[in-house]
(Lines give C-alpha, C1' and ligand atoms only; values in the text may rest on other atoms or scores of the structure.)
Protein backbone atom coordinates (compact mmCIF):
# COMPACT_ATOMS: atom_id res chain seq x y z
CA UNK A 1 0.00 0.00 0.00
CA UNK A 2 2.78 2.43 0.92
CA UNK A 3 4.66 1.49 -2.26
CA UNK A 4 1.60 2.26 -4.40
CA UNK A 5 1.15 5.64 -2.69
CA UNK A 6 4.78 6.52 -3.37
CA UNK A 7 4.41 5.52 -7.01
CA UNK A 8 1.31 7.71 -7.36
CA UNK A 9 3.14 10.68 -5.82
CA UNK A 10 6.14 10.22 -8.12
CA UNK A 11 3.93 9.85 -11.20
CA UNK A 12 1.98 12.98 -10.24
CA UNK A 13 5.17 15.02 -9.82
CA UNK A 14 6.50 13.81 -13.17
CA UNK A 15 3.20 14.66 -14.87
CA UNK A 16 3.33 18.22 -13.52
CA UNK A 17 6.96 19.40 -13.81
CA UNK A 18 6.22 22.91 -12.49
CA UNK A 19 4.76 21.39 -9.33
CA UNK A 20 7.89 19.24 -9.06
CA UNK A 21 10.04 22.36 -9.26
CA UNK A 22 7.90 23.99 -6.59
CA UNK A 23 8.22 20.97 -4.29
CA UNK A 24 11.99 20.91 -4.76
CA UNK A 25 12.29 24.62 -4.01
CA UNK A 26 10.12 24.29 -0.92
CA UNK A 27 12.09 21.25 0.26
CA UNK A 28 15.36 23.14 -0.12
CA UNK A 29 14.02 26.22 1.70
CA UNK A 30 12.50 24.12 4.49
CA UNK A 31 15.71 22.11 4.91
CA UNK A 32 17.75 25.30 5.00
CA UNK A 33 15.41 26.78 7.60
CA UNK A 34 15.59 23.69 9.81
CA UNK A 35 19.22 22.68 9.47
CA UNK A 36 20.97 25.79 8.14
CA UNK A 37 21.13 27.77 11.41
CA UNK A 38 22.73 24.76 13.08
CA UNK A 39 25.48 24.60 10.45
CA UNK A 40 26.21 28.32 10.22
CA UNK A 41 28.24 29.30 13.25
CA UNK A 42 27.54 33.04 13.08
CA UNK A 43 24.99 34.44 15.50
CA UNK A 44 22.39 36.30 13.41
CA UNK A 45 22.05 38.97 16.12
CA UNK A 46 25.76 39.41 16.91
CA UNK A 47 26.98 42.93 16.10
CA UNK A 48 30.55 43.35 14.80
CA UNK A 49 31.10 46.93 13.66
CA UNK A 50 34.65 46.12 12.53
CA UNK A 51 33.24 43.70 9.93
CA UNK A 52 30.36 45.91 8.75
CA UNK A 53 29.33 45.94 5.07
CA UNK A 54 31.76 43.25 3.97
CA UNK A 55 31.08 41.78 0.55
CA UNK A 56 30.45 38.03 0.21
CA UNK A 57 33.56 36.05 1.05
CA UNK A 58 34.68 32.66 2.31
CA UNK A 59 34.09 33.81 5.90
CA UNK A 60 30.72 35.43 5.22
CA UNK A 61 29.14 33.77 2.18
CA UNK A 62 26.38 36.40 1.85
CA UNK A 63 28.44 39.26 3.30
CA UNK A 64 27.62 41.35 6.37
CA UNK A 65 25.12 44.15 6.97
CA UNK A 66 25.60 47.67 8.34
CA UNK A 67 26.04 46.30 11.88
CA UNK A 68 28.44 43.55 10.88
CA UNK A 69 25.87 40.75 11.23
CA UNK A 70 26.19 37.74 8.97
CA UNK A 71 23.60 37.98 6.17
CA UNK A 72 23.54 34.22 5.52
CA UNK A 73 22.63 33.33 9.09
CA UNK A 74 20.00 36.09 9.16
CA UNK A 75 18.50 34.85 5.88
CA UNK A 76 18.27 31.31 7.25
CA UNK A 77 16.64 32.47 10.47
CA UNK A 78 14.28 34.62 8.44
CA UNK A 79 13.16 31.51 6.59
CA UNK A 80 12.08 29.97 9.90
CA UNK A 81 10.05 33.03 10.82
CA UNK A 82 8.38 33.28 7.41
CA UNK A 83 7.44 29.61 7.20
CA UNK A 84 6.17 29.50 10.78
CA UNK A 85 4.08 32.65 10.35
CA UNK A 86 2.68 31.51 6.99
CA UNK A 87 1.75 28.08 8.35
CA UNK A 88 0.09 29.51 11.45
CA UNK A 89 -1.81 32.13 9.43
CA UNK A 90 -3.13 29.61 6.90
CA UNK A 91 -4.17 27.10 9.58
CA UNK A 92 -5.95 29.76 11.65
CA UNK A 93 -7.61 31.37 8.62
CA UNK A 94 -8.66 27.97 7.33
CA UNK A 95 -10.15 26.96 10.67
CA UNK A 96 -12.18 30.17 10.99
CA UNK A 97 -13.17 30.04 7.33
CA UNK A 98 -14.38 26.44 7.57
CA UNK A 99 -16.54 27.20 10.62
CA UNK A 100 -18.05 30.40 9.24
CA UNK A 101 -18.48 29.11 5.70
CA UNK A 102 -20.02 25.84 6.88
CA UNK A 103 -22.59 27.65 9.02
CA UNK A 104 -23.47 30.07 6.22
CA UNK A 105 -23.72 27.43 3.51
CA UNK A 106 -25.37 24.67 5.50
CA UNK A 107 -28.04 26.64 7.36
CA UNK A 108 -28.59 29.55 4.98
CA UNK A 109 -31.23 32.14 5.88
CA UNK A 110 -30.28 34.65 8.56
CA UNK A 111 -26.95 32.96 9.28
CA UNK A 112 -25.96 33.13 5.62
CA UNK A 113 -27.03 36.75 5.34
CA UNK A 114 -25.18 37.80 8.48
CA UNK A 115 -21.95 35.99 7.63
CA UNK A 116 -21.77 36.21 3.85
CA UNK A 117 -23.43 39.56 3.23
CA UNK A 118 -22.57 41.70 6.23
CA UNK A 119 -19.54 40.22 8.01
CA UNK A 120 -17.60 39.12 4.92
CA UNK A 121 -18.27 42.35 3.03
CA UNK A 122 -17.22 44.36 6.05
CA UNK A 123 -13.81 42.67 6.03
CA UNK A 124 -13.53 42.88 2.25
CA UNK A 125 -14.29 46.60 2.29
CA UNK A 126 -10.71 47.29 3.38
CA UNK A 127 -7.57 45.89 1.73
CA UNK A 128 -6.26 42.95 3.74
CA UNK A 129 -2.78 44.38 4.28
CA UNK A 130 -4.26 47.71 5.45
CA UNK A 131 -6.45 45.88 7.96
CA UNK A 132 -3.43 43.93 9.18
CA UNK A 133 -1.36 47.10 9.53
CA UNK A 134 -4.11 48.75 11.58
CA UNK A 135 -4.48 45.69 13.80
CA UNK A 136 -0.75 45.38 14.52
CA UNK A 137 -0.35 49.12 15.00
CA UNK A 138 -3.14 49.07 17.58
CA UNK A 139 -1.98 46.01 19.55
CA UNK A 140 1.76 46.41 19.01
CA UNK A 141 4.19 44.45 16.83
CA UNK A 142 4.90 40.86 17.86
CA UNK A 143 4.87 37.40 16.33
CA UNK A 144 1.46 36.50 17.77
CA UNK A 145 -0.11 39.79 16.70
CA UNK A 146 1.24 39.39 13.17
CA UNK A 147 -0.34 35.95 12.91
CA UNK A 148 -3.66 37.21 14.30
CA UNK A 149 -3.65 40.24 12.02
CA UNK A 150 -3.00 38.25 8.85
CA UNK A 151 -5.55 35.60 9.83
CA UNK A 152 -8.09 38.33 10.55
CA UNK A 153 -7.72 39.64 7.02
CA UNK A 154 -7.45 36.24 5.32
CA UNK A 155 -10.28 34.07 6.64
CA UNK A 156 -12.94 35.59 4.35
CA UNK A 157 -11.63 33.94 1.18
CA UNK A 158 -11.71 30.52 2.82
CA UNK A 159 -15.18 31.15 4.25
CA UNK A 160 -16.62 32.08 0.86
CA UNK A 161 -15.01 29.08 -0.79
CA UNK A 162 -16.36 26.74 1.90
CA UNK A 163 -19.82 28.32 1.68
CA UNK A 164 -19.99 27.80 -2.08
CA UNK A 165 -18.83 24.20 -1.80
CA UNK A 166 -21.22 23.39 1.05
CA UNK A 167 -24.15 24.88 -0.88
CA UNK A 168 -23.26 22.59 -3.77
CA UNK A 169 -22.77 19.47 -1.65
CA UNK A 170 -25.59 19.65 0.89
CA UNK A 171 -28.28 18.71 -1.64
CA UNK A 172 -26.37 15.76 -3.09
CA UNK A 173 -27.99 12.34 -2.88
CA UNK A 174 -25.56 10.80 -0.41
CA UNK A 175 -26.02 13.73 2.00
CA UNK A 176 -29.79 13.46 1.77
CA UNK A 177 -29.57 9.70 2.31
CA UNK A 178 -27.50 10.22 5.45
CA UNK A 179 -29.97 12.83 6.67
CA UNK A 180 -32.90 10.44 6.12
CA UNK A 181 -31.09 7.85 8.26
CA UNK A 182 -31.04 10.28 11.17
CA UNK A 183 -27.54 11.77 10.86
CA UNK A 184 -27.11 14.97 12.86
CA UNK A 185 -26.02 18.25 11.31
CA UNK A 186 -22.56 17.92 12.81
CA UNK A 187 -22.16 14.41 11.40
CA UNK A 188 -23.37 15.51 7.98
CA UNK A 189 -20.79 18.30 7.92
CA UNK A 190 -17.86 16.43 9.44
CA UNK A 191 -18.32 13.02 7.84
CA UNK A 192 -20.05 13.67 4.52
CA UNK A 193 -19.57 17.25 3.34
CA UNK A 194 -16.21 18.60 4.53
CA UNK A 195 -14.16 15.56 3.42
CA UNK A 196 -15.60 15.97 -0.08
CA UNK A 197 -14.68 19.64 -0.37
CA UNK A 198 -11.10 19.26 0.84
CA UNK A 199 -9.53 19.44 -2.63
CA UNK A 200 -10.24 23.13 -3.40
CA UNK A 201 -9.33 24.04 0.18
CA UNK A 202 -5.91 22.42 -0.23
CA UNK A 203 -5.27 24.41 -3.40
CA UNK A 204 -6.42 27.64 -1.74
CA UNK A 205 -4.22 26.93 1.29
CA UNK A 206 -1.14 26.43 -0.92
CA UNK A 207 -1.73 29.76 -2.64
CA UNK A 208 -2.54 31.34 0.72
CA UNK A 209 0.88 30.35 2.04
CA UNK A 210 2.50 32.48 -0.66
CA UNK A 211 0.27 35.43 0.20
CA UNK A 212 1.00 35.07 3.91
CA UNK A 213 4.76 35.11 3.31
CA UNK A 214 4.46 38.29 1.24
CA UNK A 215 2.21 39.90 3.85
CA UNK A 216 4.57 39.02 6.71
CA UNK A 217 7.51 40.45 4.75
CA UNK A 218 5.51 43.62 4.12
CA UNK A 219 4.67 44.10 7.80
CA UNK A 220 8.29 43.46 8.79
CA UNK A 221 9.47 45.92 6.12
CA UNK A 222 7.19 48.55 7.68
CA UNK A 223 8.54 47.78 11.15
CA UNK A 224 5.29 46.14 12.29
CA UNK A 225 6.44 42.54 12.19
CA UNK A 226 8.63 40.53 14.54
CA UNK A 227 10.86 43.01 16.29
CA UNK A 228 14.70 43.13 16.32
CA UNK A 229 17.02 41.49 16.99
CA UNK A 230 15.02 38.61 15.45
CA UNK A 231 15.93 38.34 11.77
CA UNK A 232 13.13 38.50 9.20
CA UNK A 233 13.31 38.92 5.44
CA UNK A 234 11.19 42.07 5.44
CA UNK A 235 13.27 43.72 8.17
CA UNK A 236 16.47 42.84 6.28
CA UNK A 237 15.11 44.54 3.16
CA UNK A 238 14.19 47.60 5.21
CA UNK A 239 17.68 47.78 6.73
CA UNK A 240 19.26 47.42 3.27
CA UNK A 241 17.43 50.38 1.67
CA UNK A 242 20.10 52.91 2.56
CA UNK A 243 22.84 50.69 1.14
CA UNK A 244 21.09 49.64 -2.05
CA UNK A 245 23.69 50.99 -4.48
CA UNK A 246 26.97 50.42 -2.63
CA UNK A 247 25.98 47.03 -1.15
CA UNK A 248 23.28 45.52 -3.42
CA UNK A 249 23.84 42.04 -1.99
CA UNK A 250 22.03 43.17 1.18
CA UNK A 251 18.85 43.41 -0.90
CA UNK A 252 19.55 40.58 -3.34
CA UNK A 253 19.69 37.67 -0.91
CA UNK A 254 16.57 38.30 1.23
CA UNK A 255 14.62 39.41 -1.85
CA UNK A 256 15.62 36.23 -3.67
CA UNK A 257 14.58 34.18 -0.63
CA UNK A 258 11.11 35.80 -0.57
CA UNK A 259 10.70 35.39 -4.33
CA UNK A 260 11.73 31.71 -4.37
CA UNK A 261 9.55 30.85 -1.38
CA UNK A 262 6.49 32.55 -2.90
CA UNK A 263 7.23 30.97 -6.28
CA UNK A 264 7.44 27.48 -4.77
CA UNK A 265 3.99 27.72 -3.15
CA UNK A 266 2.45 29.21 -6.29
CA UNK A 267 3.85 26.39 -8.42
CA UNK A 268 2.60 23.79 -5.96
CA UNK A 269 -0.83 25.44 -5.90
CA UNK A 270 -1.01 25.48 -9.71
CA UNK A 271 0.02 21.84 -9.87
CA UNK A 272 -2.57 20.83 -7.28
CA UNK A 273 -5.26 22.79 -9.10
CA UNK A 274 -4.49 21.04 -12.39
CA UNK A 275 -4.25 17.63 -10.76
CA UNK A 276 -7.51 17.98 -8.82
CA UNK A 277 -9.52 19.56 -11.63
CA UNK A 278 -11.78 16.88 -13.20
CA UNK A 279 -11.74 18.73 -16.53
CA UNK A 280 -7.95 18.62 -16.60
CA UNK A 281 -7.95 14.87 -15.89
CA UNK A 282 -10.54 14.39 -18.63
CA UNK A 283 -8.38 16.24 -21.15
CA UNK A 284 -5.38 14.11 -20.18
CA UNK A 285 -7.47 10.97 -20.70
CA UNK A 286 -8.40 12.15 -24.18
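The values are calculated or read from the model by the stated rules, or taken from the named source; none is laboratory data. Everything quoted here is computed from the prediction, not taken from an experiment. Don't worry about glycine lacking a Cβ; one is built from the backbone with ideal geometry, like all the others, and counts go over all protein chains shown.
So which residues in segment 128-141 are touching a helix residue (DSSP H, G or I) at 6+ places or on another chain (Cβ under 8 Å) and more than 11 Å from residue 219 (Cβ to Cβ), if there are any at all?
128, 131, 139
Taking residue 197 as the residue in question, decide whether it is assigned to a helix (DSSP H, G or I) and in contact with a helix residue (DSSP H, G or I) (Cβ under 7 Å, 6 or more places away or on another chain).
Taking the combined requirement at face value, the residue satisfies it.
Each row is one residue, and each column tells you yes or no for (1) part of a helix (DSSP H, G or I); (2) buried (at least 17 other Cβ atoms within 10 Å of the Cβ); (3) modelled with pLDDT under 90; (4) touching a strand residue (DSSP E or B) at 6+ places or on another chain (Cβ under 9 Å).
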site	(1), (2), (3), (4)
89	yes, yes, no, no
99	yes, no, no, no
111	yes, no, yes, no
116	yes, yes, yes, no
121	yes, no, yes, no
129	yes, yes, yes, no
151	yes, yes, no, no
161	yes, yes, no, no
174	yes, no, yes, no
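Residue 259 fails exactly one of the following numbered conditions: (1) free of Cβ contacts under 8 Å to residues at least 24 places away in the same chain; (2) closer than 23 Å to residue 100 by Cα; (3) assigned to a helix (DSSP H, G or I). What is the number of that condition?
Result: residue 259 fails condition (2) only.
How many residues are closer than 16 Å to residue 198 by Cβ and not in a helix (DSSP H, G or I) when one looks only at segment 163-172?
Going through segment 163-172 one residue at a time, the tally reaches 2.
For segment 180-194, give me each residue that is under 14 Å from residue 95 (Cα atoms) and free of Cβ contacts under 8 Å to residues at least 40 places away in the same chain.
Correct list: 190 only.
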